[in-house]
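Right, one structure below, let's go through it.
The values are calculated or read from the model by the stated rules, or taken from the named source; none is laboratory data. As the structure is a computational prediction, the values presented were derived from the model and not from experiment. Cβ coordinates were reconstructed from backbone atoms using ideal geometry, including for glycine residues, and neighbour counts include every protein chain displayed. Quick note on the areas: whole protein, heavy atoms, side chains included, nothing else; ligands and nucleic acids left out. Shrake-Rupley method; radii C 1.70, N 1.55, O 1.52, S 1.80 Å.
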Amino acid sequence: MNIYYHPQYNISLGLLNYLHPFDGRKFSRVFKTIKGLNDINIKQPEYPVSQKIINNFVGEIQRRLLHRKRYILRALEIPYIPLLPFSIIDKRILLPMRWGVGGTIAATTDALKDNNAWNLAGGYHHATPRNSQGFCIYNDIGIALQEASAAGLISETDKILIVDVDAHHGNGNAYTFMDNQNVTILDIYNNDVYPQNNLTKERVNINVPLAAGAEGSQYNEALKNALGELKSDYRIAYVIAGTDVLASDPLGGLGLSVPECVERDKMVYEKLLSLSIPTVFVGGGGYSSESAQAIIESIKCLHRLDEPESTRVSGIHPFSGFQFMPE
Ligand SMILES: [Zn+2]
């Protein structure tokens, strides 16, 4: 599995950091740890997604709105600040996100050429071609599929799978692919938080709404059952691996521990590997101090699954059951 990271992914909000729980330096912390691990192949997208590619994807009104400060700040859930120039927002927040979309495009190309990939950024699942919201400006999966199609890597009849295990319902993806029956969406989410949109929830093919506060064991049991419904005839799968499912997350409202979050990603990847579906993991949300650690542990775990069975080191250390008991 290739890991996509670029130093430009990191969002520096400066004083705005106090206005949103988003941890824009999380990507660099993940990178610093995984670059020291053996055999992890870290790649960089060569470019941020271009304005031209974005313009091909979005509608005419959205094309203009993407350059309007008030609109963008609302989508970023940041209060309107009169003296803040749009150019600063563009450079500090939107450009990193365009690099993130560039990462999803590059990771998609890898997956379609038989190299599964994890883009640390991306997973902007609340954005659509007509609307930006929920800290998501550009719908990276829609744009990546547009580019894969233009490059002849996927055809009109190819089936696409989205497995959304972020804590929030992926209303943007559901809307973007509302009329595209080639796209199957599995979405497991906290039904009691943003976004509350019945129309997009109805679009989800395998819909797993959970009540706020659902524990990790309940979450992973429900996810296991949902994964059991998947078939093998997909050209590519995207996994929105938001770590806002962690109990420590201020926004997600679910109750997973770090090991349970890693188990979640392991279950998903094992299933997709067993069905031989080329796979791209994308970042999604994750706003707690444990988020980076959960991502690092998942990358290590998934990397082990990539190794051939014969060379895989057993996860159980011969002495792991031994505990020193003080008298
Ligand atoms: Zn989320």
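Here are the numbers for the structure shown:
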item: Qualifying residues in segment 118-154 (those that are open to solvent by 10 Å² or more (accessible area, probe 1.4 Å) and of a type in the set (D, E, K, R)) - the one nearest to residue 59 (Cα to Cα); result: 130
item: Pick from segment 239-267, criterion more than 16 Å from the ligand (Cβ to nearest atom) and surrounded by 19 or more Cβ atoms within 10 Å (Cβ to Cβ), ranking: nearest to the chain's Cα centre (by Cα); result: 262
item: Selection within segment 152-209 - among the acidic types (Asp, Glu), modelled with pLDDT of 95 or more and either more than 12 Å from the ligand (Cβ to nearest atom) or not in a strand (DSSP E or B) (or both); result: 158, 166, 179, 192, 202
item: Pairs with Cβ under 7 Å, 6+ apart, first in segment 257-276 and farther than 13 Å from residue 219 by Cβ, second in a loop (DSSP other than H, G, I, E, B) and acidic (Asp, Glu); result: 258/290
item: Given (1) assigned to a loop (DSSP other than H, G, I, E, B); (2) under 16 Å from the mean Cα position of the chain (by Cα), index of the condition residue 129 fails; result: (2)
item: Boolean, residue 262 is in a helix (DSSP H, G or I) and either at pLDDT below 95 or among the β-branched types (Val, Ile, Thr) (or both); result: yes
item: Residue count, segment 269-286 (criterion: within 16 Å of the ligand (Cβ to nearest atom) and either on the phi < 0 side of the Ramachandran plot or of a type in the set (Asp, Glu) (or both)); result: 4
item: In segment 123-143, the residues that are among the charged types (D, E, K, R) and either in contact with a Pro (Cβ under 7 Å, 6 or more places away or on another chain) or within 15 Å of the ligand (Cβ to nearest atom) (or both); result: 140
item: Unmet requirement for residue 111, which otherwise passes all of (1) within 19 Å of residue 302 (Cα to Cα); (2) among the small types (Gly, Ala, Ser); (3) within 16 Å of the ligand (Cβ to nearest atom); result: (3)
item: Output for segment 264-295, where each listed residue is among the charged types (D, E, K, R) and closer than 28 Å to residue 112 by Cβ; result: 264, 265, 266, 270, 271
item: Leading residue by the ranking (nearest to residue 26 (Cα to Cα)) among those in segment 289-310 that are crowded, with 22+ Cβ neighbours inside 10 Å and among the small types (Gly, Ala, Ser); result: 292
item: Residue match in segment 55-63 (condition: among the polar types (S, T, N, Q) and within 16 Å of the ligand (Cβ to nearest atom)); result: no
item: Flag if residue 77 is open to solvent by 10 Å² or more (accessible area, probe 1.4 Å), more than 18 Å from the chain's Cα centre (by Cα) and within 16 Å of the ligand (Cβ to nearest atom); result: yes
item: Segment 177-216 - residue that is out of contact with any Phe, Trp or Tyr (no Cβ under 9 Å at 6 or more places or on another chain) and of a type in the set (Ser, Thr, Tyr) and, of those, surrounded by the fewest Cβ atoms within 10 Å (Cβ to Cβ); result: 194
item: Criterion (more than 30 Å from residue 148 (Cβ to Cβ) and either touching a helix residue (DSSP H, G or I) at 6+ places or on another chain (Cβ under 6 Å) or modelled with pLDDT of 90 or more (or both)) met by exactly one of 91, 52, 32; result: 32
